[in-house]
Amino acid sequence: MPNELDEWFVREVLVHERTLTQYLLRSWPRRDEVHDLRQEVYVRVYEAAARSRPATPRAFVFATARHLMTDRLRRSRVVSIEPVGDFESSNVYLIDEVSPERWFGTRQALRRLVEALDALPRRCREVVWLRRVEELSQNDVAQRLGISGRTVEKHLAKGMRLLADHLYGGGAPEPARRAPRSGADGDQGHGRQQED
């Protein structure tokens, strides 16, 4: 006999099976593993929901699928280490592929991205994060933030433009906490976005 969790699972998770399958087929290189991946997503979602129901089940399902694929890719790249004996005779040289310069450059780029994100107006930052990092759909972002889909598009376009200006144009976005400029036309400051 189905319990409350089973009913929730059917109502909130299984309704996305077709979309989830299409997503896995597009994202995973080995089509013969898609059925197993989907089943493992379901197991993870069910077990997590038994502890605490996610606020946005659809987003949780797709985030779980992304994490599962990432885990599988990471495991597939792990190389087993077997004793080889003498490295000298096998002509194997241990080379650090990530030079200190490369590591430092990557850290600098990441720092610039964090600074650019932090400088975005609050709503733009939220929309960019949900759309580009959490990969939620436009409708899911609109629903979560209580704004229209068109407003999501507007904030995303502005946020991405400001990020690009900061990262590639050399300029920094205006600070998000800046007070609005008062002008004759009532125009607000460039760095502050009106809330919806």
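The values are calculated or read from the model by the stated rules, or taken from the named source; none is laboratory data. Quick caveat: nothing in here was measured; it's all calculated off a predicted structure. Neighbour counts are summed over all protein chains in view; Cβ atoms, including those assigned to glycine, are modelled from backbone coordinates with ideal geometry.
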Taking the stretch 28-64 and keeping only residues that are under 19 Å from residue 140 (Cβ atoms), among the small types (Gly, Ala, Ser) and part of a helix (DSSP H, G or I), one is left with 48, 49, 59, 63
In the stretch 65-72, is there at least one residue being within 20 Å of residue 139 (Cβ to Cβ), in contact (Cβ under 8 Å) with a residue 12 or more places away in the chain and surrounded by 12 or more Cβ atoms within 10 Å (Cβ to Cβ)?
yes
Does residue 37 satisfy the condition of being over 16 Å from residue 67 (Cβ atoms), among the aliphatic types (A, V, I, L, M) and either without any contact (Cβ under 8 Å) to a residue 12 or more places away in the chain or out of contact with any strand residue (DSSP E or B) (no Cβ under 7 Å at 6 or more places or on another chain) (or both)?
no
List, please: which pairs have Cβ atoms under 7 Å, are six or more places apart or on different chains, and start with a residue in the stretch 139-167 that is among the basic types (Lys, Arg) and end with one that is surrounded by fewer than 19 Cβ atoms within 10 Å (Cβ to Cβ)?
144/56
Going residue by residue through the stretch 25-35, is there one that turns out to be touching a Lys or Arg at 6+ places or on another chain (Cβ under 6 Å) and surrounded by 13 or more Cβ atoms within 10 Å (Cβ to Cβ)?
no
Name the pairs: first residue in the stretch 9-24 and closer than 17 Å to residue 54 by Cβ, second residue in a helix (DSSP H, G or I) and β-branched (Val, Ile, Thr), Cβ to Cβ under 7 Å, at least 6 apart or on different chains?
13/45; 13/61; 16/61; 20/41; 20/61
Answer yes if at least one residue in the stretch 50-58 is of a type in the set (Lys, Arg), at pLDDT 85 or above and touching a helix residue (DSSP H, G or I) at 6+ places or on another chain (Cβ under 9 Å), and no otherwise.
yes
